[in-house]
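All of the numbers you see were taken from the coordinates with simple rules; none came from a lab. Remember, it's a predicted structure, so these values are computed and weren't measured experimentally. All Cβ positions, glycine included, derive from the backbone under ideal geometry; neighbour counts span all protein chains shown.
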Amino acid sequence: MSTRIDNLRSLIRVNRDVPAIPFIAAGFVLLVLGLIGVARVIFEGHEAVYGVTRQVPWGLLIATYAYFVITSTGLAFIGGLGHAFGFHQFAGLSKRIVLLAFIVLLAGFTQIGMELGHPFRLMYLLILSPHFSAPIVWMGIFYGIELAILGLELLVIFNPAGTNHKLAAILGFLALVVGVLATSNLGFVFGSLTARPFFHGIYFPTFLVVSGIAGGAALLLLVYNIVYKFNVPEQFKEAMNSLGKLMGLCISIMIFLSFWKVLSSLYTEPQEAYDAVITLLRGPLYANFWIGEVLMALVLPLALLIVSKAREIKTMGLAGLTFLIGMFFTRYDFIVAGQLPPMRAGNEGSGVETINGLMHYTPSSGEWMIFFLGLGLFLFLYFLSERFLILDADAH
Amino acid sequence: MEKKRYAIVLDTKKCLNCKACTVACKFENYVPVGDDTYRIWVTELPLQGKFPHLHQDFQPSQCQHCENTPCEKVCPTKATFKTPEGVVLVDYEKCILCKACMTACPYDARFVSEHHEAVEKCTFCMHRVSEGREPACVETCPVRVREFGDLNDPNSRVSRLLSSRPYMQLKPEKNTRPRLFYVL
């Protein structure tokens, strides 16, 4: 008994050096706001609280869901590289990687749970009446398995009796594979929509996977800078350098993919895809696109990474922060831009109201509150873990 | 006996834009009042010609009951399904309100119903058809813009109209193969 308690003690301590309290407090406040949002949805109904419409049915919550779950699978990808593919520099980060991936995925699930009108119905109908040709079924299956794998990894990594590295390697590999499947399938959830040509093709499945890996690297760079107060110890420098290089490579691929996506949507003006891209370039989403996507998610972080030569960890942390902010705009634009071209012209009698020939969508206060729920859950749970758990893994 | 293939054929040149069809649909199917809650609609197409020689057409429309059905394909719980007659319906008890069907539909024919707590749409008034009656929009139209019937019956009004008149379908480039036909 006393050995077991000693073993547990080997996992837990109060980390007074980690500046976790402000983040826990911020997370708590956001969680409370989020729970008020949940109460509003329960008592007033989705339709009354959310700003989505008949013509733009998916909005901020789907964007935030995508933001979280794709970042989580990106983290799992990096963890898999460390565990199963011999990138030993990441092995020392494994506890934080798995914990972050798990909590970020949970945060994503809050968004989809509050987005669906009948989330509990989904759970039993996925078993009783699954439609296997529908990509959303596979989204549920893959992300459900991913959560289970990450949960198992947590148990293995935080085993008081010591980590079974072989089992951790197998689980890390599985998390990488299932994560890539889940995220690329998420691209197909949108790509399978007949009405929305902007989402069609190989671009989004590829872009989501690559940007997710960049997001995972960005979050790790930022978190390590915060935890160590922008003075990351020597032992993590090799890992941080590798994360910076990985992030830079992924951003470069994202620039390449984005350039050709935009160009192929402009050339010869393929109707709805063209209209969707125009909403980004000079339409209602232009500020999001140029400032959020291009500047904050692509140009600025890549420039910072180049300037830092993947060595100055503070600068890389800043690159991680700008990327994570920019990536949120990228996810939002991706979801919304594809839905702004109307399916029917906004003529009298049609029931469709357009502005300059496009649909319009603005997130409601209720949607922002649910967004706070996800962000708050992440901040609260993760920094609570930082405060009380020993998260510096032994390299193996 | 060959199974039925239900369809609606519209002769929009007859349409007066009286909107009796939209009202009949709302009453028949208990469609809630609201700007976004409607199963059928009548679009006023842009004016053609120059004053004083002006002309305007109206285009009544609804769910196209596509043979290649985008909404049914993306529904994760089989809430959206097709009857043997090709009518696309929603099992409200299975709908999880993920709204994938709404984003997949190229005709914007679906909406969230707070009454059913599910996504709903035109059903070709199957509850009436099973009693040998026509859909409410077809029956109520004072000038019979719409004809409803079985494409597999060569003597049905829809078959006769389609064999005698040229026709078009909405958004043929989507390859959805609608069961709504607009005679020209």
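May I have the pair-distance distribution P(r) for the stretch A:202-345, computed from all Cα-Cα distances with 5 Å bins from 0 and rounded to whole percent? The percentages, shortest bin first, are 2, 11, 19, 21, 16, 11, 8, 6, 4, 2, 1, 0, 0.
Ratio of chain A's C-alpha Rg to 2.2 N^0.38 Å, to two decimals? The partial results should precede the final answer.
Values: Rg = 21.3 Å, N = 396, 2.2 N^0.38 = 21.4 Å.
This ratio for chain A stands at 1.00.
Couplings 3J(HN,Hα) of the stretch A:263-278, computed from phi: 5, 5, 8, 8, 5, 6, 6, x, 2, 5, 5, 5, 4, 5, 5, 5 Hz, in residue order, whole Hz [Karplus 6.51 cos²θ - 1.76 cosθ + 1.60, θ = phi - 60°; x for Gly and Pro].
Note on residue A:392 and residue A:42: with the Förster distance fixed at 41 Å, the Cβ-Cβ geometry gives a FRET efficiency of about 0.50. Summarising the amide proton neighbourhood of residue B:119: residues at separation of 5 or more, or on other chains, whose placed amide H is nearer than 5 Å comprise B:97, B:113. Remark: mean inter-chain Cβ contacts per residue of B:58-66 equal 1, using a 10 Å Cβ-Cβ cutoff to other protein chain atoms. Phi angles across the stretch A:89-97 convert, under the Karplus curve 6.51 cos²θ - 1.76 cosθ + 1.60 with θ = phi - 60°, into 3J(HN,Hα) values of 4, 8, 4, x, 9, 4, 4, 5, 4 Hz, Gly and Pro given as x. In terms of Cα atoms, the Rg and Dmax of the stretch A:100-150 work out to 11.3, 33 Å. Between residue B:45 and residue B:173, the modelled label-to-label distance comes to 1.8 nm, taking each label 7 Å out from Cα in the direction of the beta carbon. Averaged over peptide A:138-144, the number of partner chain Cβ atoms lying within 10 Å of each residue's Cβ comes to 1. Taking GluC sites (Glu not before Pro) across the stretch B:1-89, the ones in a DSSP loop with at most 16 further Cβ atoms lying within 10 angstrom of their Cβ are B:2, B:67.
Taking every pair of distinct Cα atoms and averaging 1/r, then inverting, what Kirkwood hydrodynamic radius in Å comes out for the stretch B:50-184? Can you show the working numbers first?
Working: mean 1/r = 0.0610 Å⁻¹.
Computed over the stretch B:50-184, the radius equals 16.4 Å.
Could you calculate the FRET efficiency of residue A:12 with residue A:35 from 1/(1 + (r/R0)^6), where r is the beta carbon distance between them and R0 is 22 Å, rounded to 0.05? Write down the numbers at each step before the final one.
Values: r = 27 Å, r/R0 = 1.24.
For R0 = 22 Å, the calculated efficiency reads 0.20.
Among the listed pairs B:4/B:94; A:237/A:309; A:95/A:229, those with a Cα-Cα distance over 21 Å are B:4/B:94.
For the stretch A:305-333, there are no residues whose amide N sits under 15 Å from a probe point set 7 Å from the Cα of residue A:286 along the beta carbon direction.
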